[in-house]
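First up is the structure itself, then whatever we jot down about it.
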Amino acid sequence: SWRAGRSSAAIDGGSVELRRDGDFDDPLLAGAMRVAQALDGDSLESLTSVFRRAPAQAFARLHMLAAADLIDDPDELGRPRADADVATRLDLLSQLITGGTRVGAPVLAAVVHGELLSLNAFRSANGIVARAASRLVCTSSGLDPHNLGVPEVTWLRRVADYRVLAQAFGTGRAEALGEWIVFCCQALAAGAAEAKSIADAARAG
């Protein structure tokens with residue numbers, strides 16, 4: 001959604017101003033809105049299908065959309081950093097997504113989100129990619145099949161907590177992992193409630 005895209009850009013310091021002609025002056029916002037469009041309608045169904053069978057391909061696609069205006073070298077779009085640790089951790093993450101864990105979808109969404117943030121797999125737009133990947137866990141698992149929730153609104157409202165907890169997640173400490181998972185689950189719940197209120201208001205109006 002537009003709200004999700006704008007909020008995701010703002011979390012990373014991007015603008016939230018939308019021009020009347022539909023263009024975006026801020027490259028971070030432009031990328032976030034391209035990602036938001038890809039997570040809607042037929043595009044969502046296609047991307048979710050890719051995510052289920054080949055998560056790394058979905059990550060690459062998200063990065064190509066998110067970073068198109070941030071990177072001068074087109075060869076870097078969709079390409080993770082050439083680091084052995086990056087490749088190993090992305091492979092492990094892909095294994096989790098494709099069935100390597102039995103944890104619930106909200107927990108997996110939080111882990112995927114936090115891991116992509118801490119890993120910095122790409123040279124730019126990692127936050128937008130991470131939040132979109134979290135959404136794909138929710139759509140592919142059936143938790144939010146139509147991608148209606150807006151957890152980004154909560155993450156933006158509590159952006160200081162978001163940054164502190166995300167950084168702590170990267171340490172791998174059990175307590176930090178737990179705090180991050182709870183934080184993300186709270187945002188998912190709030191995002192679902194907000195989506196419901198929007199739908200109820202639309203029906204009433």
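The values are calculated or read from the model by the stated rules, or taken from the named source; none is laboratory data. No experiment lies behind these values; they were computed from the predicted model shown. No Cβ is skipped: glycine too gets one built from the backbone with ideal geometry, and neighbour counts run over all protein chains shown.
Check whether at least one residue in region 94-109 is in contact (Cβ under 8 Å) with a residue 40 or more places away in the chain, assigned to a loop (DSSP other than H, G, I, E, B), hydrophobic (A, V, I, L, M, F, W, C) and surrounded by 17 or more Cβ atoms within 10 Å (Cβ to Cβ), and report yes or no.
Filtering region 94-109 for residues in contact (Cβ under 8 Å) with a residue 40 or more places away in the chain gives 94, 97-98, 106-107, 109.
Next cut, assigned to a loop (DSSP other than H, G, I, E, B) only: none.
No - not one qualifying residue is present in region 94-109.
Applying the selection to region 77-92, what residues are in contact with a helix residue (DSSP H, G or I) (Cβ under 7 Å, 6 or more places away or on another chain), among the hydrophobic types (A, V, I, L, M, F, W, C) and within 11 Å of A121 (Cβ to Cβ)?
Hits for region 77-92 are V86, L90.
Would you please name the residue that is surrounded by the most Cβ atoms within 10 Å (Cβ to Cβ), looking only at residues in region 42-91 that are small (G, A, S) and more than 17 Å from the chain's Cα centre (by Cα)?
Within region 42-91, the match that is surrounded by the most Cβ atoms within 10 Å (Cβ to Cβ) is A87.
Within region 177-205, how many residues are among the basic types (K, R) and either surrounded by 14 or more Cβ atoms within 10 Å (Cβ to Cβ) or touching a Leu at 6+ places or on another chain (Cβ under 9 Å) (or both)?
1
Residue under question is R173, and the condition is that it be buried (at least 20 other Cβ atoms within 10 Å of the Cβ) and closer than 23 Å to D85 by Cα; does it hold?
Numbers: buried (at least 20 other Cβ atoms within 10 Å of the Cβ): no; closer than 23 Å to D85 by Cα: yes.
Answer is no for this residue.
Any residue in region 1-21 that is modelled with pLDDT under 90, among the polar types (S, T, N, Q) and farther than 22 Å from R123 by Cα?
Yes, region 1-21 has at least one match.
Going by what's in this entry, would R157 be described as more than 24 Å from V86 (Cα to Cα) and of a type in the set (D, E, K, R)?
Yes, satisfied.
Looking at region 128-174 only, could you name the residues that are of a type in the set (K, R), within 22 Å of A32 (Cα to Cα) and out of contact with any Ser or Thr (no Cβ under 6 Å at 6 or more places or on another chain)?
Hits for region 128-174 are R135, R157, R158, R163.
Check S118, S134 and return the single one that is without any contact (Cβ under 8 Å) to a residue 60 or more places away in the chain, assigned to a helix (DSSP H, G or I) and within 14 Å of L47 (Cα to Cα).
The unique qualifying residue is S134.
So which residues in region 44-89 are in a helix (DSSP H, G or I) and touching a Phe, Trp or Tyr at 6+ places or on another chain (Cβ under 7 Å), if there are any at all? It would help to see each step written out before you state the result.
Just the residues of region 44-89 that are in a helix (DSSP H, G or I), to begin with: 44-53, 55-66, 74-76, 84-89.
Answer for region 44-89, where residues must be in a helix (DSSP H, G or I) and touching a Phe, Trp or Tyr at 6+ places or on another chain (Cβ under 7 Å): A58, H63.
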